[in-house]
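What follows is one structure encoded as structure tokens, with my remarks underneath.
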Amino acid sequence: MSVTPVGRRRKQKPPTSTPVDRTASTWYYPVEGTGDRMIDEELRKKLEALNRGPLKVAAKGAKAARTKKKTVRLEELVKGEVVGGPEQPFYLVDRPLGEMFDRAEELTREFRAVWLAGRHALSEEELAGPWREVIDVDPKRLLFLDIETCGLTSTPAFLVGTMHLDDDGFRMRQLFARDYTEERHVLTHLSERVGDFETLVTYNGKSFDWPYLNDRAVYHAVTLGRVAGHLDLLHEARRRWKHVLPNCQLQTLEYHVAGRRRVGDLPGSLIPEAYHHYVRSGNARQMVDVIHHNALDLITMAELMLFILQGGDLTWE
């Protein structure tokens, strides 16, 4: 059996992985104590006969030379800027959603149509419940929020991703701490902006993201500010589909609602160590994946919210 959005064309299942050409490179493993000669002459001749050509000899230390990757700075990989001045610097990635998501215009148009025209499909019970704080809010005052941290408790939150609607469409802002000291600067900037919005939209944010940020703000003596409303889409997903889906993880909803399966995504369990490695080495290669992961979470939240507003449902086939 499979789960399919009601009233929607069933989407073709995307590939779960990308084929890898494992013959693209050749590795040589020097043997300790042999100097430039990895193997004895008799064995070399046998291998050359099998290989039908001369066998290459790797010089001592060649493996290290081949496998060492160039350190690439964040600024070289992710378009953004250092903001906050010399006293409170951090890295800000601020971009229209259309720069990274090909359905941004469609998502914006549908979101506005449902919200501003009041063409939602929420029940009277829902309007009297969790959506009460949300449905009458100006959509420009909704703030989608998702964070990436170094663990589950009492460790830095190094990336705060937000998305909001402005006159031109959805806009994404990702506040990134390039080392542990910049967490305070990220929280200070967030505290200055959160007051511009009336309602948070998160996924498990009532239990995790928002309390976590408040705890870290207390640690750094930062007053984070308050918002009037908070819609946690995890609660909405569980109420609707906990008996339909295998689980209510955000990426499960992403597949069944948006028809998108992530390929090569960095699992959340590996994100803390990837960040620690970045801080130690300055090599930002994996941080590109983390920032992309965070952006996809924000996009999926907006798609899920629209799906619910439009009366979308998931049923067994």
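The values are calculated or read from the model by the stated rules, or taken from the named source; none is laboratory data. Because the structure is a prediction, the values reported are computed rather than measured. Counting neighbours? That spans all protein chains shown, and the Cβs are built from the backbone with ideal geometry, glycine included.
For Gly85, the stated conditions hold: it is modelled with pLDDT of 90 or more, at positive phi, surrounded by fewer than 16 Cβ atoms within 10 Å (Cβ to Cβ) and not in a strand (DSSP E or B).
Against the test of being more than 16 Å from the chain's Cα centre (by Cα) and without any contact (Cβ under 8 Å) to a residue 12 or more places away in the chain, the options Arg141, Arg238 yield a single qualifying residue, Arg238.
Only residues that are assigned to a loop (DSSP other than H, G, I, E, B) and not charged (D, E, K, R) were counted in the stretch 249-277, giving 6.
From the list Glu126, Glu192, Glu133, Glu198, the lone residue that is in the same structural domain as Val93 (by TED's automatic domain parsing), free of Cβ contacts under 8 Å to residues at least 60 places away in the same chain and touching an Asp or Glu at 6+ places or on another chain (Cβ under 9 Å) is Glu126. Note on the stretch 266-296: residues that are in contact with a helix residue (DSSP H, G or I) (Cβ under 6 Å, 6 or more places away or on another chain) and under 20 Å from Asp146 (Cα atoms) amount to 7.
Tally up the residues in the stretch 88-121 that are within 24 Å of the chain's Cα centre (by Cα), assigned to a helix (DSSP H, G or I) and touching a residue at least 60 places away in the same chain (Cβ under 8 Å), please. Residues flagged as within 24 Å of the chain's Cα centre (by Cα), assigned to a helix (DSSP H, G or I) and touching a residue at least 60 places away in the same chain (Cβ under 8 Å) within the stretch 88-121 amount to 8. Do we have Thr153 as within 24 Å of Thr199 (Cα to Cα) and hydroxyl-bearing (Ser, Thr, Tyr) here? The answer is no for Thr153.
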